[in-house]
1. Filter the stretch A:95-147 for residues that are aromatic (Phe, Trp, Tyr) and farther than 13 Å from A:Gly83 by Cα; which is farthest from the chain's Cα centre (by Cα)?
2. From A:Gly49, A:Gly42, A:Gly97, A:Gly53, grab the single residue that is more than 20 Å from A:Gly470 (Cα to Cα), surrounded by 19 or more Cβ atoms within 10 Å (Cβ to Cβ) and within 14 Å of chain B (Cβ to nearest Cβ).
3. Being in contact with a Cys (Cβ under 8 Å, 6 or more places away or on another chain) and over 17 Å from A:Leu442 (Cα atoms) narrows it down to one of A:Val487, A:Val503, A:Val557, so name that one.
4. Pull out all pairs, ordered by first then second residue, where Cβ-Cβ is under 7 Å, the residues are six or more apart or on different chains, the first lies in the stretch A:113-141 and is in contact (Cβ under 8 Å) with a residue 12 or more places away in the chain, and the second is among the basic types (Lys, Arg).
5. Among the residues of the stretch B:342-372, how many are in contact (Cβ under 8 Å) with a residue 12 or more places away in the chain, among the hydroxyl-bearing types (Ser, Thr, Tyr) and not in a loop (DSSP other than H, G, I, E, B)?
6. Tally the residues that are assigned to a helix (DSSP H, G or I), within 30 Å of B:Asn384 (Cβ to Cβ), more than 7 Å from chain A (Cβ to nearest Cβ) and touching a residue at least 60 places away in the same chain (Cβ under 8 Å), restricting the search to the stretch B:538-565.
7. Quick test of your reading of the structure: B:Gly486 fulfils all but one of (1) surrounded by fewer than 18 Cβ atoms within 10 Å (Cβ to Cβ); (2) among the small types (Gly, Ala, Ser); (3) on the phi < 0 side of the Ramachandran plot. Name the failing condition by number.
8. Inside the stretch A:379-402, can you point out the residues that are assigned to a strand (DSSP E or B) and touching a helix residue (DSSP H, G or I) at 6+ places or on another chain (Cβ under 9 Å)?
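The values are calculated or read from the model by the stated rules, or taken from the named source; none is laboratory data. Quick caveat: nothing in here was measured; it's all calculated off a predicted structure. Cβ placement follows ideal geometry from the backbone for every residue including glycine, while neighbour counts extend to all protein chains displayed.
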Number of protein chains: 2
Amino acid sequence: MSVIVWWLVMVVMVAVHSASAGVVELNWEVEYKLRWPDCKEGIVIAINGEFPGPTIDATAGDTVIVHVTNKLSTEGVVIHWHGIRQNGTPWADGAAGVTQCPINPGETFTYNFIVDKAGTHFYHGHYGMQRSAGLYGMMIVRSPKETLQYDGEFNLLLSDWWHQGSHAQELYLSSRPMRWIGEPQSLLINGRGQFNCSLAAYFNKGGVKECKFKDNDECAPTILRVEPLKVYRLRIASTTALASLNLAVEGHQLEVVEADGNYVAPFTVNDIDMYSGETYSVLLRTHNPTPSRKYWISVGVRGRKPNTTQALTVLHYADAPEYEHLPYPPPVTPRWDDYDRSKSFSKKIFAAKGYPPPPEKSDEQLFLLNTQNLMDKYTKWAINNVSLSVPATPYIGTIRYGLKTLNYQKPPGKEIVEDYDITKPPVNPNTTKGNGIYSFQLGRVVDVILQNSNVLNGRGSEIHPWHLHGHDFWVLGYGEGKFRLGVDEKTYNLNNPPLRNTVALYPYGWTALRFVTDNPGVWFFHCHIEPHLHMGMGVVFAEGVDQIAKMDIPNEVLGCGLTREFLMNRGRH
Amino acid sequence: MSVIVWWLVMVVMVAVHSASAGVVELNWEVEYKLRWPDCKEGIVIAINGEFPGPTIDATAGDTVIVHVTNKLSTEGVVIHWHGIRQNGTPWADGAAGVTQCPINPGETFTYNFIVDKAGTHFYHGHYGMQRSAGLYGMMIVRSPKETLQYDGEFNLLLSDWWHQGSHAQELYLSSRPMRWIGEPQSLLINGRGQFNCSLAAYFNKGGVKECKFKDNDECAPTILRVEPLKVYRLRIASTTALASLNLAVEGHQLEVVEADGNYVAPFTVNDIDMYSGETYSVLLRTHNPTPSRKYWISVGVRGRKPNTTQALTVLHYADAPEYEHLPYPPPVTPRWDDYDRSKSFSKKIFAAKGYPPPPEKSDEQLFLLNTQNLMDKYTKWAINNVSLSVPATPYIGTIRYGLKTLNYQKPPGKEIVEDYDITKPPVNPNTTKGNGIYSFQLGRVVDVILQNSNVLNGRGSEIHPWHLHGHDFWVLGYGEGKFRLGVDEKTYNLNNPPLRNTVALYPYGWTALRFVTDNPGVWFFHCHIEPHLHMGMGVVFAEGVDQIAKMDIPNEVLGCGLTREFLMNRGRH
């Protein structure tokens, strides 16, 4: 049955493409720039001088062509199109070491892919910690026949920002002993935040000082200017390196209608939780305040003990006085460790009507135990006790040319670890490094059960938002404690589970998801917290190895490591 | 005649090689590390965890094989073997964009070359500003039949250090308007300096505080421990990014015997001036102090108005009390702008007896006017009004495969610019970017006349130490003001000019040098001040383009840009 599903998906995709067939073609130069993202000077990775990078605005079915020129001095670069499934173009996924070699300084690489499905997406660097350095932007794919009704829309790209540069952060995390980078200095909304000053300072006397902006200040907030009695779609994406977030709009409820590019059954909340890698569309209905006024939009940290001031901007009703203070303080972010509240939000999300249910049964079950470990006294994150070390040669190339060096026969294991006590620090704190990957035949229905555990020292367990490339998956359920084999499967929602590409794994709990291996390629599946990924928290799925071995993969993505050697020497005379 | 010279050089080289034929093989891992180079934590590029990198100790004729593994997270890396001529192995010269592609992160490249001639050399990064980040170390090539007599030796590798990282420095220099990086925070001797404290603080009451070291402090000076009445060879190299230096040893004279790997007619001085890229050997004769005591070794800034404290270490006679203060203050560095003193030192340097004189006449004269300019409001350094932009594809590969894209037919020009007033800011401040190179047939005798000029704004002219790869050259002379064609040539020293690979161009003056194009390859010739090179202050020489086109250049050095594309596609089936 699952082969048929895969075939159907392919047919639908091709059909959508033929229907519109527009082309969005962009020339991008990626380079470091001096900017003031949070009213303090810092170094960002900008695209065409813009930080965040330009918003891509396309329509489902379009071909997106981005000529990326690397103008960094000595560093490679890639761009991952987060949420785009890359059916038929796995080499355009932009994951360094997995689907391509980094673009060398001074060189141009062209990403060319079809955006087959409407949704709110974003793009970002996927090499080293270049996302933390600011390499990101929004990517909107519109539906040619949008079913949602709204009068206007705003994009809100949320991120976190450190004053210590990303190179230093990488080094700290890779040092022995590991030096933790700490909480971000600022949260940014569309690349703008306020450090050491606040738009709302006048509410807390004697605390932080009030921000003074000049008109073109790079850290002045982007104001959302609205009319009364209208409906606005807020397209919100979190590309934070670390922070889990909560967003609220004073005096307004939010109707959640889309998550990760899939419509969800609408539900209304006062605020939304967002984990790195997630996107949402929410509908905001304006009322008719008399006199006209302004309302706060606040973004605060959840899931980690926060040490970062809320990011603020303003919902500004037409005719509200421009320079008058807001009458009430901003919404208070819910307590960081109120995980029940977080889970309650997650569990409100169901697929919109009309989405077919997932396959009833899975062909494979993959248990991925998330642990924090030591390796030769370096701190690592590991899956089934293997910490991922992404190789210099992209997997897609090693598989394509059947290079023997690849260890993809030896994934970190897939069985549930029966004797692991997730409530305590690991008995054996040591992990090993690995680059083995999971290989799947096409058309398989795969269940992944993510299992969280206690950290290395003391008592604690962190949230990990897991992101899968090349796919949407169904979120079948969340649970507390250790997954009970043969029992917890019975709690799965097989009726209307939401389709996502990112899902939270909560402290000491498990999360189950299902997907169909319908997309030949090599796909990263990893914690979207960039420091965690840097420390090895990810696995790699290869789908349809036989198909990959026949693919016409552009040489341009394989110009490093063993594939470069292989391809250059094969032509040697 | 010059073809014969070239042939003779080759014969001598091969002969030396056959005589010894040792192999020095090293495995190096290049990575960022946290260190305390000047008693303040900073990020350095270390080799096998060492900063500076390990000292290479080889004998003339040896083959040096260095397997360099790039363990930087996202950056390429190369290593240039400064002073090694790379006869027959131009692809091993380690100049990114000229002789090789940078080594990708995670990959290993093997440098394999013969050190054909004894001398004091060093190695360093030659990509972006990785030299400023600390990628350097000493390289000693011993003579199998050393003629100098001495009892012991010490290496002194001098460098400068900024607290702002090299990535930020690159960005500052590339910003519009340019932001100058300022003077270094510290000078380092063998990677050790003292910021905000001084070994000699007790001489200036109320000033900087005295340094307190623990035994293993990374910023504690390396003490030179000596016996009385002996002769020590100090091998000194300057790998500064910016600073010109002066080194003195309290109470001792220095007999200069070697410069850039060539013996010079010995002369005795109280202190030596050193420009970035230069090396010297000096003989220091110890006396017999009673009671035994310690003496200062001081290194200070010359040629730029200094804002950096002297670097200090100690010459420690055996039996001198370990923890007693030195009785006298350290030697005072000569006034920074006493250029007459600098020139006087340079003009004391002559080839040792036994070196054949240079060819009597040159076949070509190349005038290189050094100017500071603007390009689209970016600040640049230019040669004959062209600011070098090193391409993504190494020249050696473009020439080897005759790729049409190379613009090497259009060098920046070679004629003297008659109507340029070097005493004033440029009338036309604008320059253009270029990657054209000078192409020479083999066996030509080439004179290069470097001509200095006034900077962009105000009155001033800077020292530029020019370094030629792949060659030693004869320093024919220095002069004041503008070179007078047909007149100043008559002042050339054609009798016993010293052989160097680096030479200073003094403010408002000219420097003339001669070399023979006896080394097929592509050779960088540039100001060794790293920020100046970053801003375009260099040219490239191609020697024997026909020979390069027949060379068996390892694919490994051409795995980027157009050569990667060419070599990968040529094998496409």
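1. So the residue we want is A:Phe109.
2. A:Gly42
3. After applying the criteria, what remains is A:Val557.
4. Once the first residue is in contact (Cβ under 8 Å) with a residue 12 or more places away in the chain and sits in the stretch A:113-141, its partners that are among the basic types (Lys, Arg) give A:Asp116/A:Arg85; A:Ala118/A:Arg142; A:Thr120/A:Arg235; A:His124/A:Arg131; A:Gly125/A:Arg131; A:Ile140/A:Arg235; A:Val141/A:Lys117.
5. 3
6. 7
7. Just one mismatch for B:Gly486, condition (3).
8. Once the filter is applied, which keeps residues that are assigned to a strand (DSSP E or B) and touching a helix residue (DSSP H, G or I) at 6+ places or on another chain (Cβ under 9 Å), the stretch A:379-402 yields A:Thr379, A:Trp381, A:Leu388.
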